[in-house]
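Heads up: the structure comes next, in structure tokens.
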Amino acid sequence: MTPVSTTTLLDALHWRYAARKFDPAKTIAPDVWDALEQSLVLAPSSVGLQPWKFFVITDPAVRARLHPAAWNQAQVIDASHFVVFAVRRNLDAAHVDRHLARMVEVRGGTLEALAKFRAMAVGNLDQARAEGRLDTWQSHQLYIALGQFVAAAALLGVDTCPMEGFEPEKFDVILDLPAQGMTSVVCCAAGYRASDDRYAALKKVRFKTEDVIVRL
């Protein structure tokens, strides 16, 4: 792997902003979108459990149904792609076993050799469930994937707009998520900024480095 330069990285992050207005005539090319989907697949998660699914909504009819439940924000309709980040509720030992089976498939070895890892993972889930923080922990995992997606998009010159401004309960019904044991947590529109989006030209406002970075 050849790392990108520090200049390339910082230029992309300075260029990135939460797009307020997308150009509905511009569509993300298939190869670019495939790479962005892989940035989601490759996102890190605690113990590698990947307690999520990413629903990529391109069907205009489905988006039209989601639009009112997102407070009629135009990004839902106008962006090239709209992604709903959903988490698997009440994660259990069965999910851990699916993860272990995939580990054996990809890396080889045996399930028996992973017995201690399984006991640790299931034990962590059981403890979190008993303490009433399991679903909260899982939801937090999604923001790791969201951050990776947004950064990857910026490096590819694709605009994004992360969105918490929606009604998860209504999204869940529209996308039939409860039947899959899932619930929506956050969304992200992706595409290309409209030429008349005045927010695109505004300078970023961030605290100074010394105000947010503590070196010990």
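Of the residues Gly147, Gly132, Gly191, which exhibits the maximal mean-square fluctuation in a Gaussian network model of the chain defined by a 10 Å Cα contact cut-off? Its mean-square fluctuation being the largest, the pick is Gly132.
Charges were assigned to the Cβ only: +1 to each Lys and Arg, -1 to each Asp and Glu. The resulting dipole of the chain about its Cα centre is roughly 440 debye. Ranked for footprinting exposure by Cβ neighbours inside 10 Å, fewest first, Arg206, Arg16 give Arg206, Arg16.
Calculated mean residue ellipticity at 222 nm for the chain: -14000 deg cm²/dmol, from DSSP H runs with n ≥ 4 weighted as -39500 (n - 2.57), summed, divided by the residue count and rounded to 500.
Full extension of the chain between His14 and Ser195 gives 63.4 nm of extra length, using 0.36 nm per residue less the Cα-Cα distance.
Sites listed here are chymotrypsin sites (Phe, Trp or Tyr not before Pro) in region 131-216 whose DSSP assignment is loop and whose Cβ has at most 14 other Cβ atoms within 10 Å: Phe207. Given their separation in residues at 0.36 nm each and the Cα-Cα distance between them, Lys204 and Gln127 gain 23.5 nm when the chain is fully extended.
For region 1-92, which chymotrypsin sites (Phe, Trp or Tyr not before Pro) pass both filters: DSSP loop (anything but H, G, I, E, B) and at most 14 other C-beta atoms within 10 Å? Within region 1-92, the qualifying chymotrypsin sites (Phe, Trp or Tyr not before Pro) (loop, at most 14 other Cβ atoms within 10 Å) are Trp71.
Of all the options Leu36, Leu134, Leu66, the one that moves most in a Gaussian network model of the chain with Cα springs shorter than 10 angstrom is Leu134. Taking Lys and Arg as +1 and Asp and Glu as -1, the other residues whose beta-carbon sits under 14 Å from that of Leu142 total +1. Computed with the Debye formula from one identical point scatterer per Cα of region 154-216, without solvent, the log10 of I(q)/I(0) at q = 0.12, 0.17 Å⁻¹ comes to -0.58, -0.85. Panel note: the C-alpha atoms of region 82-193, placed on their principal axes, show extents of 51, 31, 23 Å (largest first). Once the chain from Trp71 to Thr58 is taken as fully extended at 0.36 nm per residue, the excess over their C-alpha distance is 2.8 nm.
Which whole-angstrom value gives the distance between the alpha carbon centres of region 54-97 and region 151-216? Rounded to whole Å, the Cα centres lie 13 Å apart.
The numbers here are math on the coordinates, done by the rules we state, and not lab data. No experiment lies behind these values; they were computed from the predicted model shown. We place every Cβ from the backbone using ideal geometry, glycine too, and count neighbours over all the protein chains shown.
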